[in-house]
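The values are calculated or read from the model by the stated rules, or taken from the named source; none is laboratory data. Predicted model, so just to flag it, every value in this text is computed and none were measured. All Cβ positions, glycine included, derive from the backbone under ideal geometry; neighbour counts span all protein chains shown.
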Amino acid sequence: MSALAAAALHLARPSMTEWADDASAQLHTAPQPTDTAVAVAEGPDPHRVLLIGSGPAAGRGTTSHDLALTGALARALRSATARGAVVEAAVDSSMTVACVAPVLARHDLALYDAVVVCIGDVDALRGLGVENWRERWSAALALWQRRMPHPRPLLIVGVGGMADESGVGSVHGWLAEHLAVRYNDATEQLVRGVPGAQTTLLPRTDRVGGRPTAEAYALWGAQLAAELSTALIRGRASEPATLKLRRGVEQLGSSLGS
């Protein structure tokens, strides 16, 4: 971040919370999924993925998770791996980086083949400091390593596109974008040495009324699936027999309960 941007951010930070509240009020008027937070792409021996976060993950502009990133990722994974896919979503448009560790703690991570996290848009719009960002991601990654004895893909989507959000003013968006660059740099440093963890950035796409389109979700889902597919195929082949048994029992229980 340039000295000018850093100085501007320091001066504007007291106002950013108020600007973020105004932006959030407009964002919450957009349709969001209200159905069960899971998408299934039918196929043999399905991969199971947990999608966490806000921003692209929240599905703004759609009323169903099947039409949002959840469904787009499930379908793209089926195409990329020739297996079925079940993507469970723990998402909310107001979620912040402080929520990542608690969400990970609530799930039995050993049952998932991969976890995808899209987080940081709310933090950037509110002006969260980079050191706070680093501390919260450090806690989440430490929990991930404790709870995941057998390495699995953890794909962290970088922060971006703040200036494209509906209700975000030009100055606010500019400051948030500069802060997002620093978040992404910090996250990239933190994941080094964490087995299975990597970062990525989603491409910017056209929006309608400030909202992602179906084409955008399909593009994002395809990119995430492409980055996960090789590790998913390799990981399923090498997973311990005890975990395969747990997975089979869990899938059987789901089938009997449906």
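Couple of notes before you dig in:
- In segment 188-217, the residues that are out of contact with any Lys or Arg (no Cβ under 8 Å at 6 or more places or on another chain), in contact (Cβ under 8 Å) with a residue 60 or more places away in the chain and buried (at least 18 other Cβ atoms within 10 Å of the Cβ): L202, Y217
- Whenever a residue of segment 107-131 is closer than 15 Å to I52 by Cβ, its partners that are acidic (D, E) and modelled with pLDDT of 95 or more, lying with C-beta atoms within less than 9 angstrom and at least six residues away or across chains, give the pairs H107/E88; Y112/E88.
- Among the residues of segment 121-129, at least one is within 24 Å of A218 (Cβ to Cβ) and crowded, with 20+ Cβ neighbours inside 10 Å.
- For segment 83-95, filtering for residues that are more than 11 Å from A41 (Cβ to Cβ), without any contact (Cβ under 8 Å) to a residue 60 or more places away in the chain and surrounded by fewer than 19 Cβ atoms within 10 Å (Cβ to Cβ) leaves 1.
- In segment 151-193, of all residues being outside any loop (DSSP other than H, G, I, E, B) and among the hydroxyl-bearing types (S, T, Y), the one that is modelled with the lowest pLDDT corresponds to S170.
- Only a single item in (1) β-branched (V, I, T); (2) part of a helix (DSSP H, G or I); (3) closer than 18 Å to G55 by Cα is not met by T199, and it is number (2).
- Selection of segment 47-82 for residues being free of Cβ contacts under 8 Å to residues at least 60 places away in the same chain and β-branched (V, I, T) yields T63, T70.
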